[in-house]
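Scroll down for the structure; my scribbles are underneath it.
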Amino acid sequence: MRKFAYLLLAAVGTTACNYLEIQPVGQVIPHKTSEFRALLTNGYYNYPFSFARTHTCLLSDEVGMFDASAIWDASDAVALGYNYTWQYGNQMREFPYQEFYTSIFYANAVIENIRDTDVDDADEPMEQILGEAYALRAYNHFELVNLYGQPYNPATAETDRGIVLSNFIDIEQTYRPTNVAAVYRLILDDLAEAERLMSLEKQPDATRNYRFSLNALTAFKARVLLYMQRWQEAYDTAVSLLPKYELVDLNTLEEKAPLPWQAEASEAILVMDRPFSGSGGDLKGACIIADPILALFDETNDCRRSYLTEINSYDESFVPTFLGYGVDRSSSDRCSIRVAEMYLIAAEAGSYLPAELDAARQYLLDLQARRLKPEAMEAQRTKVEALDAEALRKEVADERAREFLLEGHRWLDLRRTTRPSITKTFDNQTYTLTANDTRYTLPFPPSAIAANPHLND
């Protein structure tokens, strides 16, 4: 028998038991759409925006040096050193797990009960709130499967291990991982239901752009289809959004105008995640951009190069030693999906479609024209127009590394494509992630396994 707990805002307490146990502190049963909006807002709030996909930069080839001495908390420095060197068997800092399922719990609570609610706000249709709940549930499952499940492979997805699905509330059920294909089926089903229900094309302002809209749903769907290698659908979906958003032109950007990775930017489609900053936040300058990634930027002609910041270490006399570069960002920046990603999805997916190859090249050039100085574009156009499909995909991969530096894409891009060998040096030791290493998939966190031994079934 299902047991439901409907809880609002501070009236919630959660502890791990099976995979997620909800312990009511003060039970509040919503009856109005405004109350279900508050419930769903808690679902958005519990999404792990600050240490989720963006901190996978520690795992990828983006970070070339990890300076543990820059972290005030010594135990955290040790734990993050294990993350950096893929020592999953040690006490690395756990990537989020329960937080995703907590967010899903709120989405499920809305999905299962809002249809019987009383509408008390004409500006908040029940269908819009319900559609967002489906979208949020899909987004959480997508992030989970791309951390803890095998990379999507059309030939093996039906048997590759995925994650636990949570598409209804029943705290008495046994939660076991399903296969990757089943996870993606749920994601696509939720997206289809969200599309059927939602009516708001675009959130009215940046303060509400953490919420899903039809445009955000379309953009997320394009990402999902790209990961599934459904090239034509990914291409068509991404292209459909391009006329609706304006790329930020870094050549003409006015001082203090929003940058592409900020919530107020014209590029912003969805803004739940906090992009990683190498010069601030919880890692406080500890992560230095790797030289091979830095070398992808044309130091003279790539405008994005100016948004890198020098990182130094200091001795006891406060004499600086230059270590390298991070990204100059604020902890208030937010970026989950922006239209630049749609240009690059169109370019990558189009490279697999002979009829769209010329258009794919042009979409890449359209983005680069807003990132490179005008005097560099003639040579860049000549270069890109001469690329065959395979070479175009390599150029798109490099462009994604430049465009989404420390935004949480690189590790997932490596997982879904080439899974190359990566070598790092830390504390005078060398560590290697071999090509196609099983460590491209994170193990379930020890705390999750302790709470639910069935995760390893």
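The values are calculated or read from the model by the stated rules, or taken from the named source; none is laboratory data. Predicted model only: the values in this text are computed from it and were never measured. Cβ atoms come from the backbone with ideal geometry, glycine included; neighbour counts cover every protein chain shown.
For this structure, a couple of remarks:
- Count of region 327-378 residues which are closer than 18 Å to S240 by Cβ and of a type in the set (D, E, K, R): 5
- Leading residue by the ranking (farthest from the chain's Cα centre (by Cα)) among those in region 297-314 that are surrounded by 15 or more Cβ atoms within 10 Å (Cβ to Cβ) and β-branched (V, I, T): I311
- Number of positions in region 306-325 that are within 21 Å of L406 (Cα to Cα), out of contact with any Gly (no Cβ under 9 Å at 6 or more places or on another chain) and of a type in the set (A, V, I, L, M, F, W, C): 1
- Of everything listed in (1) in contact with a Cys (Cβ under 9 Å, 6 or more places away or on another chain); (2) closer than 30 Å to P48 by Cα; (3) among the charged types (D, E, K, R); (4) surrounded by fewer than 20 Cβ atoms within 10 Å (Cβ to Cβ), the single unmet condition for R419 is (1).
- Residue among D118, D160 that alone is surrounded by fewer than 21 Cβ atoms within 10 Å (Cβ to Cβ) and closer than 27 Å to H454 by Cα: D160
- Test: residue in region 172-188 that is more than 26 Å from N456 (Cα to Cα), charged (D, E, K, R) and without any contact (Cβ under 8 Å) to a residue 12 or more places away in the chain: no
- Candidates A192, A263: the one that is of a type in the set (G, A, S), out of contact with any Pro (no Cβ under 9 Å at 6 or more places or on another chain), free of Cβ contacts under 8 Å to residues at least 24 places away in the same chain and surrounded by fewer than 22 Cβ atoms within 10 Å (Cβ to Cβ) is A192.
- Checking each residue in region 221-245 for being surrounded by 17 or more Cβ atoms within 10 Å (Cβ to Cβ) and either among the hydroxyl-bearing types (S, T, Y) or touching a strand residue (DSSP E or B) at 6+ places or on another chain (Cβ under 6 Å) (or both) picks out Y227, Y235, T237, Y245.
- Matching entry among R381, R415, R402, R393 (being within 27 Å of Q91 (Cβ to Cβ) and touching a residue at least 12 places away in the same chain (Cβ under 8 Å)): R415
- Members of region 210-220 found to be assigned to a loop (DSSP other than H, G, I, E, B) and either touching a Cys at 6+ places or on another chain (Cβ under 7 Å) or surrounded by fewer than 23 Cβ atoms within 10 Å (Cβ to Cβ) (or both), listed by number: Y210, R211
- Set P258, P204, P275: member being within 20 Å of the chain's Cα centre (by Cα) and either closer than 22 Å to S332 by Cα or at pLDDT below 95 (or both): P275
- Inspection of region 147-165 identifies at least one residue that is touching a residue at least 12 places away in the same chain (Cβ under 8 Å), of a type in the set (S, T, Y), in contact with a Leu (Cβ under 6 Å, 6 or more places away or on another chain) and outside any loop (DSSP other than H, G, I, E, B).
- Hits in region 238-252 (condition: without any contact (Cβ under 8 Å) to a residue 60 or more places away in the chain and either touching a Cys at 6+ places or on another chain (Cβ under 8 Å) or hydroxyl-bearing (S, T, Y) (or both)): S240, T252
- Number of the condition not met by D123 [criteria: (1) buried (at least 16 other Cβ atoms within 10 Å of the Cβ); (2) not in a helix (DSSP H, G or I)]: (1)
- Residues of region 37-54 satisfying the condition of being closer than 11 Å to A107 by Cβ and in a helix (DSSP H, G or I): L39, L40, N42, G43, Y44, N46
- All positions within region 430-443 that are touching a residue at least 12 places away in the same chain (Cβ under 8 Å) and outside any helix (DSSP H, G or I): Y431, L433, T434, A435, N436, D437, T441, L442, P443
- Of the candidates L294, L270, the single residue that is buried (at least 17 other Cβ atoms within 10 Å of the Cβ), at pLDDT 90 or above and out of contact with any helix residue (DSSP H, G or I) (no Cβ under 7 Å at 6 or more places or on another chain) is L294.
- Some residue of region 238-254 being within 29 Å of L188 (Cβ to Cβ) and of a type in the set (S, T, Y): yes
- Residue match in region 71-82 (condition: closer than 18 Å to N428 by Cα and among the acidic types (D, E)): no
- Check on F4, under 25 Å from N456 (Cα atoms) and either at pLDDT 85 or above or not aliphatic (A, V, I, L, M) (or both): no
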